[in-house]
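Worksheet: one structure, shown below.
Please treat every number below as a calculation from the coordinates, not as lab data. What you see is a predicted model; the values in this text were computed from it and never measured. All Cβ positions, glycine included, derive from the backbone under ideal geometry; neighbour counts span all protein chains shown.
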Amino acid sequence: MRRWFRWVAFLDVREVGTSIALVRLLVATCVLRTLGSVWWSGVYGAAWADSAHGGWRQHLDSDPLWRLLGGFDTTTRDGLAIAAVVSAALLALGVGGEIVARLIALVCLQSFMALGDLNGHAAGSYDSLITNGLWLLVLAGPSRTLSVECRRATGAWTSERTVMRWPRFLIVVQAVVMYGTTGWQKLSDHWVPGGDLGALWYIEQQPTWQLHDMRWMAPLYPLTQAATLLTWLWEVTSPVWLIAWLAEAEPTSVGGFAGWLRRLRARDVYLVLGVVFHSLVAVTMQIGPFSWASMALYPAFIHPREWARIKSGRVR
Amino acid sequence: MAWPQVRAALITAHLIAIGVCAFPAPVGGMNRSSWHDPTVRAELDAWRARLGMVGVHQTPKQFEDELWGAMTSFMSVRDAIVRPFNHYYELTGTWQSWRMFVAPQRYPARLIVDVFEDGEWRPLFEERSDTATWNRAIFDHDRLRAAIFRYSWPKFGREWRVFAQWMGERAAVERPRADTLRARFFRYRTLSPTEAAAGMEFDGKFEHEVEIDLTALR
């Protein structure tokens, strides 16, 4: 019972809303970027339409919203696309107070999910990552600071008004769950220690995800092997990142392993490795907005009190 | 019950929901026809060899049958645990599908599309080519890459033919002199670093060839 009450108390903490506001800005930007690329490339009419309307799928998939709306038609699809774009823009700007901001995030989530779910063959894990992020923003009510709402309510763009910390905790858990479980499933002989550690070399050779022919990397093969091992370890051990985050979130109550992680600045090490990893993926592979959607969650790893220090160049 | 307690219970339920859905599971491997793919075969052989190193010696058939049995049992338990949360995932977009790059595809397939035009086959589109670039903005988009990747697998055979038909319909309009569209995959073994450094070319074969009569579509 004592553990339960500690858990309840942990979830009852409040803090300034800077980190969650930055997640809001980045996730909403990801939605806009994703929808924009679908539109400008011409994929909109090919992937998100059935064969009677220019697409290739004879029968589109449908989520609960499509069933509620009576099934696919292009007018409804276009309406949902407009709703997704407008709500993502409003979400990025931080329009609306506690209830309206949540409703905007919910509209963005439902419309984006309905579009992405239309064609499961032309979807990626980034769709799930974005919708997970949007749902956590619905729960968070993320417009307290760095928002039009903040400007309206206080006359300034930033505010020290507090928000609940638990949405930030859930975003951190979501990122760790994603990295951890993807790592635990990398059981290929090319990934695991004891194999040839050729996974990243061979993945970079797959035409499906290449941006360019990557055979030029052959002389750098030992580096790709080291990167394979580092990536695998980083993902498999990512629950340590969560412990390190908790150690930073509540520095006065940590000791033992968590305290050791704090002294090692393990949270920051994982964070920097994540940025490096996603940046390298972004410049060598075409896997859609996955890297950006992942890094959109990263501000949640930073405590709001740290932003002022980061801004002034004092990391700790 | 006070609101903080209720909230903590709801947050706990959310964490359980995402945890059970994300837990590693062989979702993509539950189609045994996929096990004939050379990439999958190589992984199975590697793990059978590893088991042999610790004293578990099995024939390929024994190993695969036991693995299939274990996977089927695991998935039935997993499905029973996940099922109560399905509505939550569906309504809130909290599906957890993080089976990403679990194994590099050693035998990838490259989509190649040509048309028979003015008495000869002319290249139209080839994945990652800088010369055969028909509708490249669409085919190079990550969503189309994902679809094309799926269609190179045997279990998507029917959907692949539907996709080829769609390409034919576009080509019938955009290439009015073409008679036939031919779509196929070139499957090859990716080069090892040593082979790439030596300048070796890809060695592979065409498969899943589909021809679409464009004259019938006009």
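Rounded to the nearest 0.05, what FRET efficiency do B:THR194 and A:ASP213 give with R0 = 22 Å and r taken as the Cβ-Cβ distance? Could you check?
The value I calculate is 0.80.
Full-extension gain between B:SER34 and B:ARG136, please, as 0.36 nm times their residue separation minus the C-alpha to C-alpha distance.
33.8 nm
What helices in chain A pass both tests, a Cα length along the helix axis of 30 Å or more and a mean Kyte hydropathy of -0.5 or higher, using whole DSSP H runs?
A:18-41
Among A:TRP66, A:SER19, A:HIS53, which residue has its Cα furthest toward the positive end of the charge dipole of the stretch A:15-164, with +1 on Lys/Arg Cβ and -1 on Asp/Glu Cβ?
Working it through, the farthest residue towards the positive pole turns out to be A:SER19.
Calculate log10 I(q)/I(0) of the stretch A:227-316 for q = 0.15, 0.16, 0.23 Å⁻¹, where I(q) comes from the Debye formula with a single equal point scatterer on each Cα and nothing for solvent.
Debye curve over Cα of the stretch A:227-316, log10 I(q)/I(0) at q = 0.15, 0.16, 0.23 Å⁻¹: -0.64, -0.72, -1.23.
Of B:VAL77, B:PRO60, B:HIS36, which is farthest towards the positive pole of the stretch B:9-115's charge dipole, taken about the Cα centre with +1 and -1 on the beta-carbons of Lys, Arg and Asp, Glu respectively?
About the Cα centre, the residue reaching furthest to the positive side is B:PRO60.
Take A:THR182, A:THR237 and order them by how many other Cβ atoms sit within 10 Å, fewest up front.
In order of increasing Cβ crowding within 10 Å: A:THR237, A:THR182.
Run the simple label-point estimate for A:ALA156 and B:LEU15 please: 7 Å along Cα→C-beta, distance reported in nm.
So the label points at A:ALA156 and B:LEU15 sit 3.4 nm apart.
With r defined as the distance between the Cβ atoms of B:ALA80 and B:GLU211 and R0 fixed at 41 Å, what FRET efficiency is calculated, to the nearest 0.05?
Efficiency, from the Cβ-Cβ distance: 0.35.
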